[in-house]
Amino acid sequence: MDEIPPVEYRHVSHMQHAIDLAREAADRGDHPFGSVLVCNDTVVMAESNRIKTGDDIRRHPELHLAYRACRELDATERAETVMYTSTEPCPMCAGGMRSAGFERVIYSVSAPEIGEFTGSKPPVRAATVLDGVTDVVGPVCNDAGREVHEAFEW
């Protein structure tokens, strides 16, 4: 994965926000995933997983933010937006993010790590799906991200 971008953004703060959203999702009975979209170091959108409480298998935070961004931001704005996400996006979410055309996605827990918790393995990593469109960086704040998954009863 690429290295973390220069310090023009408050990376730890934004990642902690995504991890807090993941914890909130777990507390309400959803899987522990959360994401924020950041433009010019300001959070412009935030979502947490709602596949169980929303009764919608599409309500992964990354995919829902990609959907919202395509409706609410123009292509130039999306190309200047960074997604911070508690866990590396699954292939479905990465596909949606590819269509959105974000500048970068930064994750805390990698796909192989989440596979250790869930007993599954993604068929393809986010960087492969997003190659040539969106830079993928991680892990960032890995210990904090892993704590949420360790506390969740997978």
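The values are calculated or read from the model by the stated rules, or taken from the named source; none is laboratory data. This is a predicted model, so every value here is computed, not measured. Reconstructed Cβ throughout: ideal geometry from the backbone, glycine too, with neighbour counts over all protein chains shown. Only protein heavy atoms, including side chains, enter the accessible area calculation; ligands, DNA and RNA are left aside. Shrake-Rupley method; radii C 1.70, N 1.55, O 1.52, S 1.80 Å.
Listing for the model above:
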| read-out | value |
| --- | --- |
| Restricting the stretch 113-128 to residues that are in a helix (DSSP H, G or I) and under 22 Å from LEU21 (Cβ atoms), the residue that is most open to solvent (accessible area, probe 1.4 Å) | GLU116 |
| Among the candidates GLU62, GLU24, GLU72, GLU80, residue that is open to solvent by less than 40 Å² (accessible area, probe 1.4 Å) and among the acidic types (Asp, Glu) | GLU62 |
| Of the criteria (1) touching a residue at least 24 places away in the same chain (Cβ under 8 Å); (2) over 13 Å from the mean Cα position of the chain (by Cα), which one LYS121 fails | (1) |
